[in-house]
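The structure appears right after this line, and notes come after that.
The values are calculated or read from the model by the stated rules, or taken from the named source; none is laboratory data. Keep in mind that what you see is a predicted model, and the values were worked out from it rather than measured. All Cβ positions, glycine included, derive from the backbone under ideal geometry; neighbour counts span all protein chains shown. With ligands, DNA and RNA removed, areas are computed over all heavy atoms of the protein, side chains included. Shrake-Rupley method; radii C 1.70, N 1.55, O 1.52, S 1.80 Å.
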Amino acid sequence: MTVVPTFLRFGITFKPVHISSGKGQSKQTYRPNPSDIAVGFSAPLTEADLAPLLSPLKVIVKEATAFNAEKQWLTVQLPKGKTASQTAWDGLVDLLQKGSLRFLSPLLTQPGYPESPQIPINEIIVKFKRLPGAKKLAQWMSGHGLELKQAGSESGHLFYSPGKPWNEVLALADAIDKEKNVAYATPNFLRITPAPKPSPVPNKTA
């Protein structure tokens with residue numbers, strides 16, 4: 001499921017991806033939006049902290065999705081031009097690999113649902129058929145480069161994959177889903193719910 005970004009004159013575009021919600025489930029098609037890149041931060045930041053981090057990359061913060069101080073993420077637009085957009089993307093990937101970013105992904109939308117995008121946030125939900133012991137689980141996590149974020153429950157363990165761009169995390173979830181001792185593995189998403197449209201104001205008559 002490796003997705004190679006293709007850089008165009010007016011920005012960056014990605015190929016559609018096909019994601020399953022678990023073993024045996026049909027795959028759904030998601031289309032990445034090259035105009036909206038979600039950037040999640042690892043450490044608590046204020047708006048004043050953003051400029052020195054993002055300004056050198058010349059990315060543009062989208063006004064419609066301003067910085068969410070509570071959830072620590074925002075949406076940016078890459079600069080126009082093949083070289084500028086690739087340089088900005090590489091700079092964001094470098095911040096991700098250095099640990100400054102928690103996740104980095106274009107907004108993904110399903111056909112027919114353009115107003116309800118989803119963001120892969122570098123988390124994978126894994127339900128084991130038989131729960132490994134502590135030592136084997138630690139070895140398994142190390143082999144996949146994962147960190148345990150939340151211990152197992154009926155819905156499975158929640159793991160975090162640090163330093164990987166969105167497409168690599170999706171590919172990792174797909175590979176884990178095929179393992180013999182895994183009942184299912186699926187990426188975890190941040191789902192953006194569209195704001196309700198304001199009710200029409202009734203006309204007032206004298």
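Overview of values
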item	result
Relative packing of 138-146, 184-192, which averages over residues the other C-beta atoms within 10 Å, highest first	184-192, 138-146
Area accessible to solvent at Ser42, 1.4 Å probe radius, in Å²	60
Carbon plus sulfur fraction of accessible area for region 83-133, probe 1.4 Å, in percent	50
Under-5 Å amide H pairs with Val61, H placed in peptide plane, nonlocal only	Gln77
By accessible area with a 1.4 Å probe, ligands and nucleic acids excluded, highest first: order of Glu154, Glu47, Glu168, Glu123	Glu154, Glu47, Glu168, Glu123
Magnitude of the charge dipole, region 72-143, Cβ model with Lys/Arg +1 and Asp/Glu -1, debye to 20	480
Accessible area (Å², 1.4 Å probe, nearest 10) - Arg102	60
Cα gyration tensor shape for region 85-145, rounded if a/c is under 1.5, else prolate or oblate	oblate
